[in-house]
Amino acid sequence: MTGRRRRTPEQAREEILDAATDLIARHGPDGVGLRRVAEAVGVTHGLVTHYFGTYRALVRAVLERENERKRDLVRERMRADGGVPYARGMTEVLFDILADERYVRLWTWSQLHDWDVERSTVSLAKLVDAIEDGVRSVLPGPDGPDRARIEMVVLLCMSGAYGYAIGRRYWLTDLGHDPDDPDRDEAYRAALSTVLAAHLEGRTK
């Protein structure tokens with residue numbers, strides 16, 4: 001338990017969110033509660049209530065903050081990579097996000113429960129728009145993939161990336177591999193990117 005000390009309102013709110021994020025990711029929202037968060041930060045139960053009102057509101061704030069952080073990461077990567085027009089770029093962006101296992105656990109939990117929070121890491125429509133712009137800048141006119149193909153590649157990429165992030169530790173261990181070996185992650189990224197690139201370029205039926 002963190003000792004009691006003077007904090008600005010902004011510091012107190014951020015520390016409460018940090019503690020709640022760690023606890024909820026480890027134990028799930030049903031195993032935490034306002035009092036446990038307050039104890040972890042070293043503040044009173046009343047102070048947590050003052051900032052967030054209810055436990056449900058605190059969980060919502062945790063999820064919304066994590067989603068916003070990941071959206072910022074996507075924006076930065078897409079700007080740096082010029083729009084990420086290709087399958088390799090798509091997988092790199094998503095795998096960077098999903099390297100944060102804490103976030104993956106929070107995201108998975110939010111998808112399985114009826115909480116009033118934004119359920120998407122990014123706006124898929126905006127992500128597809130940016131990728132389509134990048135593709136069109138390289139392959140204008142009829143030579144490039146149509147919108148439907150780009151959307152399918154994004155959906156396949158997200159499914160493959162999220163699924164691997166959620167199950168990789170168990171699956172690789174069961175197959176006799178070290179789940180912390182970065183070469184395994186890189187091999188999976190390369191394989192997924194190859195499949196997605198083939199579909200994006202129309203080399204699969």
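The values are calculated or read from the model by the stated rules, or taken from the named source; none is laboratory data. Because the structure is a prediction, the values reported are computed rather than measured. Reconstructed Cβ throughout: ideal geometry from the backbone, glycine too, with neighbour counts over all protein chains shown.
ALA61 - would you say it is in contact with an Asp or Glu (Cβ under 9 Å, 6 or more places away or on another chain) and assigned to a helix (DSSP H, G or I)? Break it down stepwise before answering.
Details: in contact with an Asp or Glu (Cβ under 9 Å, 6 or more places away or on another chain): no; assigned to a helix (DSSP H, G or I): yes.
No, not satisfied.
Listed conditions (1) among the aliphatic types (A, V, I, L, M); (2) modelled with pLDDT under 75; (3) over 18 Å from ASP72 (Cα atoms); (4) crowded, with 17+ Cβ neighbours inside 10 Å are all met by ILE131, apart from (3).
Looking at the range 148-182, which of its residues are part of a helix (DSSP H, G or I) and either outside the structural domain of LYS126 (by TED's automatic domain parsing) or of a type in the set (A, V, I, L, M) (or both)? Those that are part of a helix (DSSP H, G or I) and either outside the structural domain of LYS126 (by TED's automatic domain parsing) or of a type in the set (A, V, I, L, M) (or both): ALA148, ILE150, MET152, VAL153, VAL154, LEU155, LEU156, MET158, ALA161, ALA165, ILE166, LEU172.
So, in the range 3-44, of the ones that are among the hydroxyl-bearing types (Ser, Thr, Tyr) and assigned to a loop (DSSP other than H, G, I, E, B), which residue ends up surrounded by the fewest Cβ atoms within 10 Å (Cβ to Cβ)?
Here is the first cut: in the range 3-44, the ones among the hydroxyl-bearing types (Ser, Thr, Tyr) are 8, 21, 44.
Within this subset, residues satisfying the condition of being assigned to a loop (DSSP other than H, G, I, E, B) are 8, 44.
Working: THR8: 8, THR44: 13.
Filtering the range 3-44 for residues that are among the hydroxyl-bearing types (Ser, Thr, Tyr) and assigned to a loop (DSSP other than H, G, I, E, B), the one surrounded by the fewest Cβ atoms within 10 Å (Cβ to Cβ) comes out as THR8.
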